[in-house]
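Take a look at the structure set out below.
The values are calculated or read from the model by the stated rules, or taken from the named source; none is laboratory data. Worth saying up front: this structure is predicted, and the values here are computed from it rather than measured. Cβ atoms come from the backbone with ideal geometry, glycine included; neighbour counts cover every protein chain shown. The protein model used for the area step is the full one, side chains on, heavy atoms only, and it has no ligands, DNA or RNA in it. Shrake-Rupley method; radii C 1.70, N 1.55, O 1.52, S 1.80 Å.
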Amino acid sequence: AKKVQVQNTRNTMLGGITDVKLKKKAQLVVDAAIAGVNVTKVKASFIAANEIAACDVAYLKMDLAITVGTCDAGDASNATSSRRHLLSNTTYSVEILLSTANVDQFGINAALTSLSTAGITTKTTNENAFVLLSAIPGINGAMLTTFQSEATAAVTATAVAAAYEADAVATETAAIELETDATATEKAAVDLAAEATTLNKAAVAAAMLVPPPSRISPSPPLPPPEMSNPPAKNLLVYVASGAAAATAVFVVIITCYCRRRRRLLDGVASGAHTSIDSGYDGVLPTGLIPTFRPPHPWPTQTVDVLQADGSNAVRGVPVDPQHFTMTATDKA
């Protein structure tokens with residue numbers, strides 16, 4: 001709506017201009033203002049027969065069509081009209097206005113490059129569209145103010161609309177991509193279902209080829225895992241302990257036996273008593289003869305031993321001559 005409003009104001013403002021060339025120039029500047037872009041002004045000098053020829057040469061050197069811009073040419077030598085008409089070729093100062101509303105920036109840059117390549121010196125500036133409009137004859141000042149306000153609002157609205165349109169395009173593109181992905185996923189699902197059906201059929205066919213299982217008696221249970229045997233270990237400990245105790249008792253018995261034998265022999269050999277220490281206290285009863293086993297090796301000497309009452313002598317008792325001494329009273 002704002003763009004339509006500013007276009008109506010534009011048409012009203014340009015309606016007061018009667019010069020065709022001037023009106024074309026104003027039209028280019030007004031369109032640039034509505035588009036919100038600057039106007040590129042190019043100035044250069046060209047040799048031509050007249051002003052129209054000079055503009056034609058300029059467009060030719062720039063490799064642009066004459067419809068995309070406006071051209072004003074003036075005599076650069078400032079010669080009089082009569083003098084100018086006498087000259088076949090004159091240098092003209094040419095001013096060309098270009099706008100990205102009519103030609104893109106790439107085309108403008110390419111035109112300037114072409115002039116530079118042809119060895120033509122140029123002066124290029126970017127001009128504000130509203131400033132250029134204020135310098136064009138036939139433009140009403142109040143109308144220009146209204147146009148500037150409406151053009152600015154239209155530019156803002158156009159930018160907002162362009163942003164919304166870009167978002168819409170992006171959303172539509174994303175929707176198309178999602179739809180494509182959904183189609184691909186659906187196709188993959190169909191392929192998987194077909195493959196599952198094929199595998200199911202193959203499994204059924206394979207199951208039919210397998211014979212039924214035979215009746216086999218169940219296997220006996222596995223033996224418990226091998227573990228350490230604490231009872232056997234304890235039994236060994238008990239046996240070892242018993243053997244040690246028996247050995248100790250045996251040693252004690254042998255020790256006591258040896259000591260008793262030693263005392264017996266010591267008592268017999270000393271001659272201090274007429275009785276033999278056989279484990280009894282006092283004098284042996286009459287008629288009893290103690291028996292004992294002397295130590296080995298047997299000594300080479302023997303003695304006769306009497307009891308206390310002088311009877312029942314024990315004769316031939318072996319003794320160790322190194323430890324036995326007899327007195328007169330002890331002899332048999």
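A single member of Ala101, Ala188, Ala157, Ala135 is open to solvent by less than 60 Å² (accessible area, probe 1.4 Å) and without any contact (Cβ under 8 Å) to a residue 24 or more places away in the chain, and it is Ala188. Which one of these is farther than 27 Å from Thr12 by Cβ and either at pLDDT 90 or above or over 37 Å from the mean Cα position of the chain (by Cα) (or both): Thr145, Thr198? Step by step, each of Thr145, Thr198 is checked, and only Thr198 is farther than 27 Å from Thr12 by Cβ and either at pLDDT 90 or above or over 37 Å from the mean Cα position of the chain (by Cα) (or both). Exactly one residue out of Ala54, Ala65, Ala48, Ala73 is farther than 15 Å from Phe147 by Cβ, free of Cβ contacts under 8 Å to residues at least 40 places away in the same chain and buried (at least 17 other Cβ atoms within 10 Å of the Cβ), and it is Ala73. Based on what the data block shows, is Ile176 in contact with a strand residue (DSSP E or B) (Cβ under 6 Å, 6 or more places away or on another chain), surrounded by 10 or more Cβ atoms within 10 Å (Cβ to Cβ) and assigned to a helix (DSSP H, G or I)? It is false that Ile176 is in contact with a strand residue (DSSP E or B) (Cβ under 6 Å, 6 or more places away or on another chain), surrounded by 10 or more Cβ atoms within 10 Å (Cβ to Cβ) and assigned to a helix (DSSP H, G or I). Just one residue in the set Thr124, Thr113 is closer than 30 Å to Cys71 by Cα and touching a residue at least 40 places away in the same chain (Cβ under 8 Å); that residue is Thr124. Within region 62-103, the only residue that satisfies the criterion of being part of a helix (DSSP H, G or I) and modelled with pLDDT of 90 or more is Met62.
Against the list (1) assigned to a helix (DSSP H, G or I); (2) in contact with a strand residue (DSSP E or B) (Cβ under 6 Å, 6 or more places away or on another chain), the condition Val160 fails is (2).
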